[in-house]
Every structure is written in C-alpha cells, then in structure tokens.
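For reference, the structure is listed below as structure tokens.
Values quoted throughout were computed directly from the atomic coordinates according to the rules given, and no laboratory measurement underlies them. Fair warning: this is a prediction, and the values are worked out from it, not measured in the lab. Positions of Cβ are generated from backbone atoms using ideal geometry, with glycine treated the same way; all protein chains shown enter the neighbour counts.
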Amino acid sequence: MADWSFEFSFNVERKSHIIYEKIYGQWKQGTAEEYHQEFVKAVTPLIKKPWAKLVDLLNWKTSYPEVVTLLSKHLTWCREHNMQLSINVIDNTSTFRQLNKMFTGGGTESLSRTFRNRSQAEQFLREYWIKDKLWIPKKNGAAG
C-alpha cells in the first residue's frame, strides 16, 4: 500500500466515496502534519461529491496536546471539503476525550459518530451511507 506508514494507513473506496483509516500509536506534531498531507492526497479524488470516512482508532494512544489542535484543523478541512460523515471506532476513555475535543475544534460534532467496535461502525456505515447512496447527487444537484 503506497500510503502506509507506522502511524496511519488509508484505503480509498472511490465507488462508494469512503476512506477507511487505521490510526496507530501516540502521535506528535510531525505525525499529525504528515497524516494531514497524506490524507489530502488520498481523498482529493473524492472531494467534489459528499464523502465519508471510517476511522479505526483501537490502537491509537493519547497524543500530545498540540495534536488535538492540528487534528481539529484537519477536521475543519474535511468538513470544508465535503466530508458528510465521520465514523470512529474507539474504546479508550482518554483517547475518546481527546477525539471529542477534535470534533468540537473542527466543527464536526454533527457529522461524527463513535462506536466501540468495528462491526457496529460498519453496520452503521452500510445502513446510513452505502444503502442510501448519499454520495450520489440527486437530480437537483444536491447530495443525499
């Protein structure tokens, strides 16, 4: 996989306009900056239409405080570039608190959902994104 590193990996599903992510370890500022740059490259083919992401955070550790600020800005970028849904799999209380700060900082509280396991997250994705084909514009030009 070309976009793989020890701290994160991406898989872009162009047909369904979904980006799958896995986040690993404890991040510092440089990791967050590299992540955003690589994410922008990976998701650019999707941003003309609504898109969603499913993020596996089960192996993510509590990060340095500056990472919360950088990832809040990342989520702002996502929202401003047509992200309509962010599904997050997380089971650690400390990282959950940091993630909620990022949602608030990035203005994505209404677009973000959290689940404790991947099967629940994938079920939600199937029911509320894939089944309804929310990335396909309606005849009037508006999405889902």
message: Can you tell me the orientation of helix 65-80 relative to the chain, as the angle in degrees between its alpha-carbon axis and the longest Cα principal axis, to the nearest 10?
response: 10 degrees
- request: May I ask for the angle, rounded to the nearest 10°, between helix 93-106 and the longest principal axis of the chain, with both axes built from Cα atoms and the value confined to 0 to 90°?
  value: 60 degrees
message: Placing +1 on the Cβ of each Lys and Arg and -1 on the Cβ of each Asp and Glu in the chain, which of Leu99, Trp51, Leu134 has its Cα farthest towards the positive end of the resulting dipole?
response: Leu134
message: Let's see if you can work this out: charge +1 on each Lys and Arg Cβ, -1 on each Asp and Glu Cβ, no other charges. What is the dipole magnitude of the chain about its Cα centre, in debye to the nearest 20?
response: 560 debye
- prompt: So which lysines can Lys133 reach, going by Cα to Cα under 20 Å and dropping same-chain residues fewer than 8 places off?
  reply: Lys15, Lys48, Lys49, Lys53
field: Dipole-positive endmost among Gln37, Gln120, Tyr64 within the chain (Cβ charges, Cα centre)
entry: Gln120
- request: Please state, to two decimals, what the Cα-based radius of gyration of the chain comes to when divided by 2.2 N^0.38 Å (N = residues).
  value: 0.99
Mean separation of Cα contacts under 8 Å (6+ apart) over length of segment 8-130, as relative contact order %: 25 percent
task: Name the lysines eligible as straight-distance cross-link partners of Lys61: C-alpha to C-alpha under 18 Å, and not fewer than 8 places from it in the same chain.
output: Lys22, Lys28, Lys101
